[in-house]
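J.: Handing you this structure, nothing more for now.
Quick note: the coordinates plus some simple rules give every number you see, no bench work behind them. Predicted model only: the values in this text are computed from it and were never measured. A quick note on method: Cβ atoms are made from the backbone with ideal geometry, for glycine too, and the neighbour counts reach across all protein chains shown.
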Amino acid sequence: MIKISPSILSADFTRLGEEIRAVEAAGADYIHVDVMDGHFVPNLTIGPVVVEGIRKAASKPLDVHLMISPVEIYIPAFAQAGAHLISVHCEATHHLDRTLNLIREQGCRAGVALNPATPISQVQDVLHLVDMVVLMSVNPGFGGQSFIPYVLQKVRAMRTLIQERGLTVDLEVDGGVKVNNIAEMAASGANVFVAGSAVFTQPDYQTVIGQLRGNAEAAWRAAP
Ligand code: DX5
Ligand code: ZN
């Protein structure tokens, strides 16, 4: 139920293959890949060519987070590069329904991401088209930022909505996830956790991923 998705944004890019194999050996469930375009977010990262390389190094599914606009035209390229799950921002497309359908037509699981200030009502009518909702708990663009506390109430409301609909949609939190705050997110109903700086700044990936998972699982079990 609980999945840990280390974000390679905070990895050592000179040794990217090695870093991916290390977090997988340390217990990562997914590899989170942050794609930024310098337009939708104020930073530039990587494109489909690098995702193809990451795919070759990884054995776990790639959780590809597209922070790009326009986004729809690039989805086939990321699917062909080996993404398993593709998340698009609802703020980055005028045609979210079409974009989500396209992701599934390309053989990938579909995710929809919401910036901190975007209300969850923006995606309530397309929940049947998504496999995962990503609630951003920082303003996207950079690793190493602090968790925005009001996102917790969005996590609770989104989990309630998913349950009311009888859907099996994963709920991912992305940004500022740490060993000492993951429990409150899990208790609020999140079950997938992106962790970039929390993992890659530590000398021992296995210890930190184990602590993240342990704290999340305990809180998930204790939740009403
Ligand atoms: C932010 C990215 C996140 C980020 C997480 O724009 O989408 O995935 O890398 O990094 P930390 O865990 O350091 O906040
Ligand atoms: Zn991300």
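J.: Kindly indicate which of F13, F78 is buried (at least 21 other Cβ atoms within 10 Å of the Cβ) and out of contact with any His (no Cβ under 8 Å at 6 or more places or on another chain). Break it down into steps so the answer makes sense when it comes.
T.: Working: F13 fails: buried (at least 21 other Cβ atoms within 10 Å of the Cβ).
Residue meeting the stated conditions: F78.
J.: Next question. Collect the residues in the range 120-139 that are over 21 Å from I8 (Cα atoms) and either in contact (Cβ under 8 Å) with a residue 12 or more places away in the chain or of a type in the set (A, V, I, L, M, F, W, C) (or both), keeping them in residue-number order.
T.: Going residue by residue through the range 120-139, those that are over 21 Å from I8 (Cα atoms) are 120-131.
Passing the criteria: I120, Q122, V123, Q124, V126, L127, H128, L129, V130, D131.
J.: For the range 11-19, indicate whether the set of residues that are in contact with a strand residue (DSSP E or B) (Cβ under 9 Å, 6 or more places away or on another chain), of a type outside the set (D, E, K, R) and closer than 21 Å to V134 by Cβ is non-empty.
T.: no
J.: Scanning for something surrounded by fewer than 19 Cβ atoms within 10 Å (Cβ to Cβ), β-branched (V, I, T) and closer than 20 Å to T93 by Cα, does the range 59-74 turn up at least one residue?
T.: Looking for residues that are surrounded by fewer than 19 Cβ atoms within 10 Å (Cβ to Cβ), β-branched (V, I, T) and closer than 20 Å to T93 by Cα, one finds at least one in the range 59-74, hence yes.
J.: Residue under question is S5, and the condition is that it be within 23 Å of V112 (Cβ to Cβ), buried (at least 22 other Cβ atoms within 10 Å of the Cβ) and among the small types (G, A, S); does it hold? Before you say what the answer is, go through the steps one by one.
T.: Values: within 23 Å of V112 (Cβ to Cβ): yes; buried (at least 22 other Cβ atoms within 10 Å of the Cβ): yes; among the small types (G, A, S): yes.
For S5, the condition - within 23 Å of V112 (Cβ to Cβ), buried (at least 22 other Cβ atoms within 10 Å of the Cβ) and among the small types (G, A, S) - is met.
J.: Same structure, new question: Among the residues of the range 201-214, which ones are assigned to a helix (DSSP H, G or I) and not small (G, A, S)?
T.: Kept after step one, since they are assigned to a helix (DSSP H, G or I), are these residues of the range 201-214: 205-214.
The answer is Y205, Q206, T207, V208, I209, Q211, L212, R213.
J.: Moving on to the next point. Of the conditions (1) buried (at least 16 other Cβ atoms within 10 Å of the Cβ); (2) charged (D, E, K, R); (3) over 28 Å from A25 (Cα atoms), R104 clears all except one; give me its number.
T.: (1)
J.: Output yes when any residue across the range 141-151 is closer than 14 Å to P116 by Cβ and without any contact (Cβ under 8 Å) to a residue 12 or more places away in the chain, and no when none is.
T.: Initial filter on the range 141-151 (closer than 14 Å to P116 by Cβ): 141-142, 145-151.
Add one more test, that the residue is without any contact (Cβ under 8 Å) to a residue 12 or more places away in the chain, and what stays is 149.
There is at least one residue in the range 141-151 that is closer than 14 Å to P116 by Cβ and without any contact (Cβ under 8 Å) to a residue 12 or more places away in the chain.
J.: Give the range 16-33 a look and list any residue that's without any contact (Cβ under 8 Å) to a residue 40 or more places away in the chain and either surrounded by fewer than 17 Cβ atoms within 10 Å (Cβ to Cβ) or near ligand 1 (Cβ under 9 Å from one of its atoms) (or both), or say none.
T.: Residues satisfying the conditions are E18, R21.
J.: Let me ask something else about it. Return a yes/no flag: does the range 154-170 have any residue that is in a loop (DSSP other than H, G, I, E, B), within 15 Å of the chain's Cα centre (by Cα), farther than 27 Å from H39 by Cβ and of a type in the set (V, I, T).
T.: If we filter the range 154-170 for residues that are in a loop (DSSP other than H, G, I, E, B), which is where we start, we get 165-169.
After this cut, where a residue has to be within 15 Å of the chain's Cα centre (by Cα) as well, the list is 169.
So of that shortlist, the ones also farther than 27 Å from H39 by Cβ come out as 169.
Cutting the leftovers down to of a type in the set (V, I, T) gives us 169.
Yes: the range 154-170 contains one or more residues that are in a loop (DSSP other than H, G, I, E, B), within 15 Å of the chain's Cα centre (by Cα), farther than 27 Å from H39 by Cβ and of a type in the set (V, I, T).
J.: Within the range 117-141, how many residues are within 16 Å of ligand 2 (Cβ to nearest atom) and touching a Cys at 6+ places or on another chain (Cβ under 7 Å)?
T.: Count: 1.
J.: Shifting gears a bit: Pull up the range 140-153, narrow it to residues that are within 16 Å of ligand 1 (Cβ to nearest atom) and either of a type in the set (D, E, K, R) or assigned to a helix (DSSP H, G or I) (or both), then point me to the one that is farthest from L9 (Cα to Cα).
T.: Looking at the filtered set, the residue picked out is L152.
J.: Here is a follow-up. Given (1) within 14 Å of ligand 1 (Cβ to nearest atom); (2) touching a residue at least 24 places away in the same chain (Cβ under 8 Å); (3) assigned to a helix (DSSP H, G or I), where does A198 come up short, assuming only one miss?
T.: Evaluating A198 over (1) within 14 Å of ligand 1 (Cβ to nearest atom); (2) touching a residue at least 24 places away in the same chain (Cβ under 8 Å); (3) assigned to a helix (DSSP H, G or I) leaves (2) as the failure.
J.: Sticking with this one: Can you tell me which condition L102 does not meet? The list is (1) out of contact with any Asp or Glu (no Cβ under 7 Å at 6 or more places or on another chain); (2) farther than 18 Å from S5 by Cβ, and all the others hold.
T.: Unmet for L102, out of (1) out of contact with any Asp or Glu (no Cβ under 7 Å at 6 or more places or on another chain); (2) farther than 18 Å from S5 by Cβ: (1).
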